[in-house]
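The values are calculated or read from the model by the stated rules, or taken from the named source; none is laboratory data. From a predicted model like this one, the values you see are computed outputs, not experimental measurements. No Cβ is skipped: glycine too gets one built from the backbone with ideal geometry, and neighbour counts run over all protein chains shown.
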Amino acid sequence: MSSSNTIHVNLKVLLMDTDFYARHAVNSYLAWDRRTRVTQLCDSERAMWEYLNSTPLAELPDVIILDADHMGGPEMLKLQIERLRGKIPQVLVICVAQSADLRLIEAAADGGARGYLLKGDVRAQIAWAIVIAYVNKIDFIVTVNMMDTIAHSAHSRLRRAHRLPPRREYTHLTPRILQAVELCVVNGMPAQLAADEMGISLHTIRSYIKEAYRILESEDDTDYPRDMSPQERAFMRLTRFADEEG
């Protein structure tokens with residue numbers, strides 16, 4: 001997959017997750033990535049449908065992230081996805097879950113979802129996963145720790161599912177520099193708190209961050225928008241996938 005078409009997109013996202021902390025963690029990751037704009041956070045199916053039924057056509061989401069664990073079981077999950085696709089024919093539905101339940105995965109595939117991601121696998125890479133599936137028109141994406149589960153399925157969509165690769169590695173980022181930039185950029189921790197966490201001075205962590213930006217830029221020549229801050233570009237580079245080369 002080429003990254004040339006995955007940088008300059010703008011997707012409206014609705015996020016439905018019953019778990020408060022998971023919902024806001026995903027929202028924060030998507031907010032960091034300007035390609036994904038969260039237009040609504042919902043904590044229930046009812047709240048989701050109230051929003052969808054009262055929203056003008058032009059403002060309906062391009063992507064719906066659906067908490068598969070709390071939809072009432074496989075049949076209800078399938079029906080909800082079918083209803084969503086009936087309401088918004090071109091919508092990209094991505095299911096997220098804590099664990100790989102084959103019955104739910106197959107129900108998502110039957111309903112027409114375009115992916116099923118384990119929350120613990122995707123984390124800060126969720127925007128990249130969404131954009132890759134959307135731009136490359138991938139039929140069904142899954143995360144690496146689902147492969148053993150879907151290997152036992154005869155479902156045609158799961159047998160040809162696209163497994164998301166691991167996060168891209170940068171050869172010159174030392175473990176300490178990587179830790180510093182992840183704490184400050186990916187996790188959003190203030191520099192002083194990150195310095196305390198690592199047991200180093202504020203001056204040292206700032207030098208680590210500066211060096212991380214230099215390394216990331218030298219190893220990734222992707223043409224990011226000119227108005228992106230160094231922090232935004234660092235986040236994009238740190239969360240991209242291994243085969244998303246520029």
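In table form, for the structure just shown:
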quantity: Residues being surrounded by 14 or more Cβ atoms within 10 Å (Cβ to Cβ) and in a helix (DSSP H, G or I) - total across the stretch 33-46; calculated: 1
quantity: Positions within the stretch 142-196 being in contact with a helix residue (DSSP H, G or I) (Cβ under 7 Å, 6 or more places away or on another chain) and basic (Lys, Arg), in sequence order; calculated: ARG157, ARG163, ARG167, ARG176
quantity: Subset of the stretch 205-224 [among the β-branched types (Val, Ile, Thr) and under 16 Å from LEU173 (Cβ atoms)]; calculated: ILE205, ILE209, ILE215
quantity: Residue that is surrounded by the most Cβ atoms within 10 Å (Cβ to Cβ), among those in the stretch 117-154 that are small (Gly, Ala, Ser) and closer than 21 Å to ASP19 by Cα; calculated: ALA127
quantity: Flag for ARG123 being out of contact with any Lys or Arg (no Cβ under 7 Å at 6 or more places or on another chain), at pLDDT below 95 and in a helix (DSSP H, G or I); calculated: yes
quantity: Of residues in the stretch 127-149 being in a loop (DSSP other than H, G, I, E, B) and not aliphatic (A, V, I, L, M), the one farthest from LEU92 (Cα to Cα); calculated: THR143
quantity: Qualifying positions in the stretch 155-190 - crowded, with 16+ Cβ neighbours inside 10 Å and in a helix (DSSP H, G or I); calculated: ARG157, LEU158, ILE177, LEU178, GLN179, ALA180, VAL181, GLU182, LEU183, CYS184, VAL185, VAL186
quantity: Filter result for the condition that a residue is within 15 Å of the chain's Cα centre (by Cα) and not aliphatic (A, V, I, L, M), over ARG46, ARG23; calculated: ARG23
quantity: Scope the stretch 29-56; condition hydroxyl-bearing (Ser, Thr, Tyr) and over 17 Å from MET228 (Cα atoms); matching residues; calculated: THR39, SER44, TYR51, SER54, THR55
quantity: Total residues in the stretch 1-29, condition among the β-branched types (Val, Ile, Thr), surrounded by 16 or more Cβ atoms within 10 Å (Cβ to Cβ) and in contact with a strand residue (DSSP E or B) (Cβ under 9 Å, 6 or more places away or on another chain); calculated: 2
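Per-residue answers, yes or no, for (1) in contact (Cβ under 8 Å) with a residue 12 or more places away in the chain; (2) buried (at least 18 other Cβ atoms within 10 Å of the Cβ):
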{"residue": "ALA31", "(1), (2)": "no, no"}
{"residue": "MET48", "(1), (2)": "yes, yes"}
{"residue": "PRO61", "(1), (2)": "yes, yes"}
{"residue": "GLU75", "(1), (2)": "yes, no"}
{"residue": "LYS87", "(1), (2)": "yes, no"}
{"residue": "VAL93", "(1), (2)": "yes, yes"}
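Residue-wise test of (1) among the β-branched types (Val, Ile, Thr); (2) more than 20 Å from the chain's Cα centre (by Cα); (3) outside the structural domain of VAL131 (by TED's automatic domain parsing).
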| residue | (1), (2), (3) |
| --- | --- |
| HIS152 | no, yes, no |
| VAL186 | yes, no, yes |
| ALA194 | no, yes, yes |
| LYS210 | no, yes, yes |
| ASP221 | no, yes, yes |
